[in-house]
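> Here's a structure for you.
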Amino acid sequence: MISLFGKPEETLLERLKKSVSKTKTELSARVEQLLTGDRPVDPALLTQLEAALLSADIGVSTTKEVLASLRRQVTEKKLAEAAALKQELKSELVRILSASPAQGSRNGDGTSAGASAGARADAPRVIFVVGVNGTGKTTTIGKLAHRLRAEGGSVVLCAADTFRAAAIEQLDAWAKRADVELVKQKAGADPAAVVFDGLSAARAKNVDVVIVDTAGRLHTKSNLMAELEKMKRTAAKIIPNAPHDVLLVMDATTGQNGLTQAREFTGHVGVTGIVLTKLDGTAKGGIVVAISRELGLPIRFVGTGEQMDDLVPFDAQTYVNSLFD
């Protein structure tokens, strides 16, 4: 059994605490200063809280939504003390993060993404990984392959980023580290042809999961987006309903700029989930909340470091706890 988007691990809270330490300094430290002791809740306090949320890149619309709820409860006399306001703030953030589609399969038959791929008629499960250059896309693929292998699944990587020979070499290195097979062609080959070869080979060998690497595309390049759509059509001809997931790898350090990328990719290729990388390198970790609120896309995984195991399933409650507790 593979639990592709499985339950959070026991160590997730501690790992997230380390990765969001900069965001914690930016957001939690300021919130702690505002919402400790017996300070009464008044308009001035709410205005300062609003500034703290915006500084963590939670976003204008998301911040307005949170503050509107808090102000309403203050008006209704449900929140009179700073400590209670902090708890309600946490609850609001968890609510927004949990409002995205369930972190699991988007299969129409109700099966979970963790179901055994061999038991499904449309096996293997096909995952396209997309994103602009420099987000950590290839590294994420290697970590995901390692994770699936550790859970007992068989994995094939497909090197459909044929524009750069270095990209194929990098993926080859990650395939060796993760101990998985790589299907590739020479640089300059038709990416759709590589997808055809990779999925055909995986199906013949009863492989559980195929992860397809795609060229790092600028979201403004419509011709490259069209090529990605062609790759999706090719996949569907071989494996019914493929790709089953399209994961967009986003760099947390880009902050609100990442939302523009996400909207473009979602509009063109039907992104089903986000992998947020480099969260340990930014004070703008609030982008996680903005993505969930404004795009309705679930965060599937978070990159917490450079090692093979530094890719953990995202969980809303755990994430918020890592910011405040």
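> On the basis of being at pLDDT below 80, out of contact with any Ser or Thr (no Cβ under 9 Å at 6 or more places or on another chain) and over 19 Å from Gly134 (Cβ atoms), does Gly267 make the cut?
Taking the combined requirement at face value, the residue satisfies it.
> Within segment 28-99, which helices (runs of 4 or more DSSP H) (wholly inside it) include 3 or more residues that are of a type in the set (S, T, N, Q) and within 30 Å of Val302 (Cα to Cα)?
In segment 28-99, the matching helices (runs of 4 or more DSSP H) lie at 60-75, 82-98.
> Looking only at segment 145-169, filter to residues that are surrounded by fewer than 19 Cβ atoms within 10 Å (Cβ to Cβ) and farther than 22 Å from Lys205 by Cα; which one of those is modelled with the highest pLDDT?
Glu169
> While we're looking at this one, here's another question. Please specify each residue of segment 288-317 satisfying the condition of being part of a helix (DSSP H, G or I), modelled with pLDDT under 85, surrounded by fewer than 20 Cβ atoms within 10 Å (Cβ to Cβ) and out of contact with any Gly (no Cβ under 9 Å at 6 or more places or on another chain).
Leu295
> May I ask you to list pairs of residues, at least six apart or on different chains, whose Cβ atoms are under 6 Å apart, with the first in segment 81-107 being surrounded by fewer than 18 Cβ atoms within 10 Å (Cβ to Cβ) and the second being modelled with pLDDT of 90 or more?
That search, which allows pairs on different chains as well, returns Arg106/Thr272.
> Please enumerate the residues belonging to segment 162-198 that are without any contact (Cβ under 8 Å) to a residue 40 or more places away in the chain, out of contact with any strand residue (DSSP E or B) (no Cβ under 7 Å at 6 or more places or on another chain) and part of a loop (DSSP other than H, G, I, E, B).
Scanning segment 162-198 gives Asp179, Gln185, Lys186, Ala187, Gly188, Ala189, Asp190.
> Out of (1) assigned to a loop (DSSP other than H, G, I, E, B); (2) in contact (Cβ under 8 Å) with a residue 40 or more places away in the chain, the odd one out for Met225 is which?
Going through the list (1) assigned to a loop (DSSP other than H, G, I, E, B); (2) in contact (Cβ under 8 Å) with a residue 40 or more places away in the chain, Met225 breaks only (1).
The values are calculated or read from the model by the stated rules, or taken from the named source; none is laboratory data. For clarity, every value in this text was computed on a predicted model and none was experimentally measured. Neighbour counts run over all protein chains shown; Cβ positions are idealised from the backbone, glycine included.
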